[in-house]
């Protein structure tokens, strides 16, 4: 192994040790801030970038892309095993993060203040990563978008039958296009026009799909229904 590779591994190991102490509450905070080059008093958004077969070079490019898109005041990235990197950034918005052809994915916690917020956002990003790797597609997964699924996944023996009973035949993978239409329609507060725009179809197509959805659902088709929204979010659990 070349000397630069050994130095990289030692540096990564040191960073992991420092962040582990920060998360555990055992770190010398001033020394940790100096080592990481990162201020804990700011507002923090935690992230995980990963792919099943990612290389260190691909992960580096993913972090560089995140930095370019978010344009944060500060960012720290720490290798987390051979195929992932985690960290935090302060300031900036992640919109349009695209990893190219490497298959990288991004999990995000919510922005939170101070050291306690840094730890809480890290827990959220880690949970979003766990849920995304198991249940959810998409390049970018925010904890706020999967929180219901994350909590229910801790008790799937309760959540899955509950969702099945409220989705009925719509839980069948054969109706995945209808389920997606319902999910987008709910997110767009019951507007077929806005849902059609997101789905890149004609509004009449959405209306026709909603008619089919209403016929399949055991519960009323109501854009204001929190029960229906929760059942749609829990749909991945019904597929085993």
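The values are calculated or read from the model by the stated rules, or taken from the named source; none is laboratory data. This structure is a prediction, so every number in the text was calculated from the model and none was measured. Cβ coordinates were reconstructed from backbone atoms using ideal geometry, including for glycine residues, and neighbour counts include every protein chain displayed.
Working carefully through the options 64, 12, 46, find the one that is modelled with pLDDT under 90 and within 14 Å of residue 86 (Cα to Cα).
None of the other options fit; the residue is 12.
One residue alone among 230, 235, 187, 165 is over 19 Å from residue 147 (Cβ atoms) and either surrounded by fewer than 15 Cβ atoms within 10 Å (Cβ to Cβ) or within 24 Å of the chain's Cα centre (by Cα) (or both), and that residue is 165.
Within the range 28-42, the residues that satisfy the criterion of being modelled with pLDDT under 95 and either touching a strand residue (DSSP E or B) at 6+ places or on another chain (Cβ under 7 Å) or under 21 Å from residue 124 (Cα atoms) (or both) are 36, 37.
Every residue, every condition in (1) in a loop (DSSP other than H, G, I, E, B); (2) surrounded by 12 or more Cβ atoms within 10 Å (Cβ to Cβ); (3) at positive phi, yes or no:
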residue	(1), (2), (3)
30	no, no, no
34	no, no, no
41	yes, yes, no
48	no, yes, no
69	no, yes, no
72	yes, yes, no
76	no, yes, no
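Out of (1) farther than 21 Å from residue 56 by Cβ; (2) crowded, with 16+ Cβ neighbours inside 10 Å, what's the single condition that is false for residue 80? Result: residue 80 fails condition (1) only. A single member of 182, 199, 149, 210 is surrounded by 15 or more Cβ atoms within 10 Å (Cβ to Cβ) and over 21 Å from the mean Cα position of the chain (by Cα), and it is 210. Among the helices (runs of 4 or more DSSP H) confined to the range 121-228, the ones with at least 1 residues that are closer than 30 Å to residue 102 by Cα are located at 143-152, 176-187, 192-199. The number of residues in the range 132-146 that are surrounded by 15 or more Cβ atoms within 10 Å (Cβ to Cβ), out of contact with any strand residue (DSSP E or B) (no Cβ under 7 Å at 6 or more places or on another chain) and under 29 Å from residue 207 (Cα atoms) comes to 4.
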